[in-house]
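Below: one structure, written as structure tokens.
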Amino acid sequence: MMKDEQHVFARVLLALVCLPGARAFDVIRPWLEFVPALAAIAGLGGGELLAMLGARLRQAAKGPVLISGLSLAVVLLAFLPVLVWSVRNHPNQIAYYNPLVGRLPGARRRGYPDATDYWGSVYRQGLEWLNDNVADEEPALVVGVAEHIVYYVHQTRLDRRITLKLVQDVKPETIRASTRPIYLMYITRQELYPDIVKFYQTRRPVHTIKVDGAAILEIKQLTPGIKQTPKNPGT
């Protein structure tokens with residue numbers, strides 16, 4: 001496909017979601033038809049940058065080094081903000097939002113759907129924290145949102161001293177009567193919050209994982225009468 005055709009292809013597909021009333025939902029799924037277009041645009045832009053940089057370097061070998069050095073610095077600075085953000089927030093890059101919307105907190109203020117770790121990849125970090133900090137208590141764990149993500153990996157990633165409970169089997173009255181610690185862990189996809197997450201929504205987390213100051217995962221102890229002191233308190 002020629003460059004002009006690629007540009008037309010990309011512009012038409014991108015225009016479809018920019019029309020009044022168009023709604024992008026469920027993250028990447030309704031965007032799949034123009035992911036190739038975006039990749040083409042990125043490839044064309046990257047190719048042009050490399051060509052420009054190569055020309056400047058060749059020119060530097062024959063002429064002033066200062067101009068070539070400035071050009072190289074401009075290209076590198078263009079990538080610096082994303083690189084710094086990625087290093088700072090690794091491995092939670094999936095929760096990236098553009099500074100134009102105010103990053104993740106701004107996306108939530110604007111009411112963007114699914115503005116969090118949509119796929120629940122942060123659950124791995126939550127399981128690591130639980131293993132390191134509360135396994136000695138032999139607690140129960142309830143996963144409030146998308147519990148299947150943890151269910152399919154808990155035999156290999158969750159300490160065997162921690163018992164995984166299904167949301168449907170845990171009620172506030174059984175929690176109050178419990179003689180063992182119970183922890184609730186969930187990603188912050190509010191549209192999927194079950195009753196138990198809503199019931200304990202005002203309870204202070206014992207551990208939080210954030211991106212740009214906005215929580216993408218929270219862990220709460222639902223049995224406050226049972227004493228425990230985390231080795232690594234939540235942020």
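No lab work stands behind these numbers, since they all come straight from the coordinates. Values in this document were obtained by computation on a predicted structure and should not be read as measured data. Glycine gets a Cβ as well: all are built from the backbone with ideal geometry, and neighbour counts include every protein chain shown.
Aspartates and glutamates near Lys210 by alpha-carbon distance under 14 Å, same-chain residues fewer than 8 away left out - which ones?
Once the sequence-local aspartates and glutamates are set aside, what remains near Lys210 is Asp117, Glu218.
For Lys171, give me every one of the aspartates and glutamates with a C-alpha distance below 12 angstrom, ignoring sequence neighbours fewer than eight places off in its own chain.
Asp195
In nanometres, what is the gap between the two model label sites at Ala146 and Phe79, each 7 Å from Cα along Cα-to-Cβ?
2.9
Okay, which of the range 135-162 sit inside 19 Å, backbone N to the point 7 Å along the Cα-Cβ direction of Gln201?
143-147, by backbone N distance to the label point.
Positive end of the charge dipole of the range 123-221 (Lys, Arg +1 and Asp, Glu -1 on Cβ, about the Cα centre): tell me which of Gln168, Leu217, Ala135 has its Cα farthest that way.
Gln168
Dipole of the range 123-221, Cα-centred, from +1 at each Lys and Arg C-beta and -1 at each Asp and Glu C-beta, to the nearest 20 debye?
Numbers: 14 positive and 13 negative charges, 29 e Å.
Magnitude of the dipole: close to 140 debye.
Using DSSP, restrict attention to beta bridges with both residues in the range 123-221 and report what percent are antiparallel, rounded to the nearest 5.
Values: 10 of 17 bridges.
Among the beta bridges of the range 123-221, antiparallel pairing accounts for roughly 60 percent.
Where Rh is the Kirkwood radius over the Cα pairs of the range 123-221, the temperature 20 °C and the viscosity 1.002 mPa s, what D in µm²/s does Stokes-Einstein return? Intermediate results must be reported in sequence, preceding the final value.
On the way: Rh = 13.6 Å.
Approximately 158 µm²/s, per Stokes-Einstein.
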